[in-house]
Every structure is written in C-alpha cells, then in structure tokens.
Amino acid sequence: MREEQPQPHEAERFSFRRFARQPFYTEVNARLIQLLGLRPGMRVVDLACGTGAVTKLILSQLEGAKQSVVLAVDASAEALEIAKRELAGAGSALVRFVQGRAETLSRAVRQTVGAVDAVVFCNAIHLVEDKARVLREVFESLAPGGAFAFNTTFFAEAYPEETERFYLRWMARALKLLKRERGLRPTRERVIARQPLSTAQYEQLLAEQGFAVRREELDVVEVPLEGWLGISEFSDFIRGALPGVPLAEGAWALQEAVRQVFEELKLKAVPRRWLQVVAARPS
C-alpha cells in the first residue's frame, strides 16, 4: 500500500513542529550539541532539519562567527519553508537550506560547501531503511577528523520496563477507538520505525563504515502528556503506530487514547530513554 502523503495545506498540521517545541525535546537535543562540542567557524550539516528546532540550537553555538556555515537539509520542501520562517533573524544568514535526502547527502555537501566539520542527525536515523548507506554518505561528507552526532528514542533499549503497561494500554485504546468510532483498522505492512536497533547494533554499523565512537550516553527523559499529544500528530509516527490509517483519523485516535490512559493511570509523565552518540571520521 502506498503511504498517504500530507497535502501541502496539511503538511504543517502533521509536521514535527508541536513535538519539537517541547522543553524536554529541546533539552535532549541541546545535550547532544553539547557533547558534539561545536566551535565558531565550523561548517555543520543539520540533516533532516525539519522545521528548524535543532538548527536553532546549532546556530546558538556558532553565534558571531561569520565564517560559519550551517547546511539545513530536509526532504520536505514544506518543512524547509517552515524552518525559514522559524529561523528568520536567528542567525539565518549563516544557514543554507537544501532540499535533499540523507541517502544523497555527500553530493549536496560537495555542491554547496565541499566538506563539513560536523553532521547532526536528530531523532530520525530510526526512520532510515538503509542505515549503512546513510552512514557512508555522512562519512564522505565529513572532512578528516569531522564528527557525526545522532540521537534517537526509537531503539531497542528505549522503553523502561515500568512503562510497558502505558504503551500496551495506549495502543489498545487507540485501536478500539478507531474500530468503534471510525470503522477503521491498521494494515499489517512493515514499518521501518517498528524495527528498532540496539545500541550494540548502532556501534557495529558505525565501526563498519569507518567511524570511531567518541561519546555515548543513555539519557532518561520524562515525557509529559503534551509531548505524547505532539508526537501523535506527526505523520511518520502515525504511520508507524497505525499503518494504513488516514493521518487525521490516526492522530485523533492516538491523542484521544493517550489522554484517557494518562487520566486512568494518573500519570504526570512517562520516562523514555534517548540514545546520544558522537562518532568521528579519523583524521
């Protein structure tokens, strides 16, 4: 089955924007940027930049350095337009917006700046089917000694054991609402985000592509209800949780279900682990 693509007028509605504005999400990405250790004057790629939340964090580390360059790369023209608006006046003179996919990153980098000192890939690597290919593209985009920083909360060790009841009840409730109220049910198609890798598998992939891991952390993040409501209206999450369900119906079911489960279990937040990794291309 072909994936439903948001129409231009719907792209902002089903974007990552609401989730990306959450304070906890800003903090976890700021931690990755801190681990990366950016310095003024660097050339940096924000891969899968989306609506520009992480680009803004990168710019804050490069502030005042006119020779710095930030390449904001995303496959979505609509997301890039939102990012341009979000970054207007926030060091945007340093940013070059490029529409492109992670699988062709090195070509975009060569055509724009030649090579870069760092590539940042926040909360998106789990959506990539051919991860080895993307890691090769990142490696070829980096100057010798350059760094690659990525994070994800969709990996094998992301779920603390005590949260299992929350997830089971949330998904069961969403499915029940869809069937009862909308007469819908998901398909059984394979979804990339449902195939989480372990930390060890990511380490192996990096080593196979020539990277050396410099820093690695598992951060525990308390995600409040607003965070779950935000991720529930993101198109990629909806497709992963409820494949084949129309985006608007999927967002409604996920949001209504998570509200009910938070109330029933008397939750204020649900903990989630984030994998934070900084690797380097040898000099």
> How many of the residues making up segment 253-283 are in contact (Cβ under 8 Å) with a residue 12 or more places away in the chain, surrounded by fewer than 22 Cβ atoms within 10 Å (Cβ to Cβ) and assigned to a helix (DSSP H, G or I)?
Replying inline: 7
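One line per residue, one yes/no per condition, for (1) over 27 Å from Thr26 (Cα atoms); (2) in contact with a Lys or Arg (Cβ under 6 Å, 6 or more places away or on another chain); (3) assigned to a loop (DSSP other than H, G, I, E, B); (4) of a type in the set (A, V, I, L, M):
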site: Ala147; (1), (2), (3), (4): no, no, no, yes
site: Phe150; (1), (2), (3), (4): no, no, no, no
site: Phe154; (1), (2), (3), (4): no, no, yes, no
site: Ala158; (1), (2), (3), (4): no, yes, yes, yes
site: Ala174; (1), (2), (3), (4): yes, no, no, yes
site: Leu178; (1), (2), (3), (4): yes, no, no, yes
site: Thr187; (1), (2), (3), (4): yes, no, yes, no
> Going through segment 232-250 one residue at a time, which ones are assigned to a helix (DSSP H, G or I), surrounded by fewer than 22 Cβ atoms within 10 Å (Cβ to Cβ) and at pLDDT 95 or above?
Replying inline: Leu247, Ala248, Glu249
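One line per residue, one yes/no per condition, for (1) surrounded by fewer than 22 Cβ atoms within 10 Å (Cβ to Cβ); (2) on the phi < 0 side of the Ramachandran plot:
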{"residue": "Pro23", "(1), (2)": "yes, yes"}
{"residue": "Ser60", "(1), (2)": "yes, yes"}
{"residue": "Val70", "(1), (2)": "no, yes"}
{"residue": "Asp74", "(1), (2)": "no, yes"}
{"residue": "Ile82", "(1), (2)": "yes, yes"}
{"residue": "Gly89", "(1), (2)": "yes, no"}
{"residue": "Val95", "(1), (2)": "no, yes"}
{"residue": "Ala108", "(1), (2)": "yes, yes"}
{"residue": "Ala115", "(1), (2)": "yes, yes"}
> Can you name the helices (runs of 4 or more DSSP H) wholly within segment 12-103 that have at least 2 residues being under 13 Å from the mean Cα position of the chain (by Cα) and either within 27 Å of Glu233 (Cβ to Cβ) or of a type outside the set (D, E, K, R) (or both)?
Replying inline: 17-20, 23-36, 53-62
> Going through segment 196-216 one residue at a time, which ones are loosely packed, with under 13 Cβ neighbours inside 10 Å and either under 16 Å from Ala118 (Cα atoms) or touching a residue at least 40 places away in the same chain (Cβ under 8 Å) (or both)?
Replying inline: Ser198, Glu208, Ala212
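The values are calculated or read from the model by the stated rules, or taken from the named source; none is laboratory data. These numbers come from a predicted model, not from an experiment. FYI the Cβ positions are ideal-geometry reconstructions off the backbone, even for glycines, and counts take in every protein chain you see.
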